[in-house]
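Bear in mind that the values in this text are calculations on the coordinates, not laboratory data. What you see is a predicted model, and the numbers here were worked out from it, not measured in a lab. Here the Cβ positions follow ideal geometry from the backbone for every residue, glycine too, while neighbour counts run over all protein chains shown.
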Amino acid sequence: MLNLNKVDLDEIATALADQGDFEHVWLIDPRTGELSFWTADTGIDGSNSVDLDELDLLPIDPLPSAVWYADMADFAEGVSDAGAGRRLGRAIRGKGAFRRFKDELDEEHPDLVPVWQAFRDARAKRRAIEWLREQGLIHDEAARRFVLDHPDPALPLTIKRK
């Protein structure tokens, strides 16, 4: 079992969120928790091609984009400023939702950017924990404690206007 203090949850969350369109795979060493990035051309060391089957590493398959989309929807719904929530909710409708959401935050609600980042990161880390638990790399109790100790951050009751 891995020691959670020695696992980079941010890096695992990045792997779980990676929706890249080129052939690559994030891998974790189940003995150490160290992550590697593999491509068909450059292997894991950046210069030597290696077949994935030759590696004693576990692939990290990304979660569907709908999982990450739900975070934006929950955030928009949770913002107490009804106008800001409506605009964020509209921004995530249709193709390009992720870019429009980011643009709406950056341009119209910059004070919410750090709040969004904390919200998104807390959920991503809990997903990384759940993935580790599902793979049998951490104990159920360690996962449960982490999730209880790391809830979504509180959203602000009011926001500042530009």
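Within a 10 angstrom radius of the beta carbon, how do His139, His109 rank from fewest other beta carbons to most?
Values: His139 14, His109 21.
So the ranking, lowest neighbour count to highest, is His139, His109.
Among Ala76, Val7, Thr39, pick out the residue whose Cα is farthest towards the positive end of the charge dipole of the chain, where Lys and Arg carry +1 and Asp and Glu carry -1 on C-beta, about the Cα centre.
Of the candidates, Ala76 comes out farthest on the positive side.
By per-residue mean of other Cβ atoms within 10 Å, what is the highest-first order of 129-135, 5-11?
Per-residue mean Cβ counts within 10 Å order the peptides as 129-135, 5-11.
How would you classify region 65-149 from its alpha-carbon gyration tensor, with a ≥ b ≥ c the square roots of the eigenvalues: rounded for a/c under 1.5, else prolate if a/b is greater than b/c, otherwise oblate?
Note, shape of region 65-149 comes out prolate.
May I ask you to compute the full-extension gain from Ser65 to Ala142, defined as 0.36 nm times their residue separation minus their alpha-carbon distance, rounded to one decimal in nm?
The Ser65-Ala142 span can extend by a further 25.0 nm.
What does the highest-first list of 37-44, 19-26 look like by mean Cβ count within 10 Å? Present the calculation step by step, with values, prior to reporting the outcome.
On the way: 37-44: 15.6, 19-26: 11.6.
Per-residue mean Cβ counts within 10 Å order the peptides as 37-44, 19-26.
If I take every Cα pair under 8 Å that is 6 or more residues apart in region 74-162, average their sequence separation and divide by the length, what percent do I get for the relative contact order?
Across region 74-162, relative contact order equals 35 percent.
Could you count how many Lys pairs in the chain have their Cα atoms under 22 Å apart, skipping same-chain pairs fewer than 8 positions apart?
4
Relative contact order for the chain: what is it in percent, counting Cα pairs under 8 Å that are at least 6 residues apart?
Across the chain, relative contact order equals 24 percent.
Would you compute, from DSSP H runs of 4+ residues alone, the mean residue ellipticity of the chain at 222 nm, taking -39500 (n - 2.57) per run and dividing by the full residue count, rounded to the nearest 500?
-15000 deg cm²/dmol
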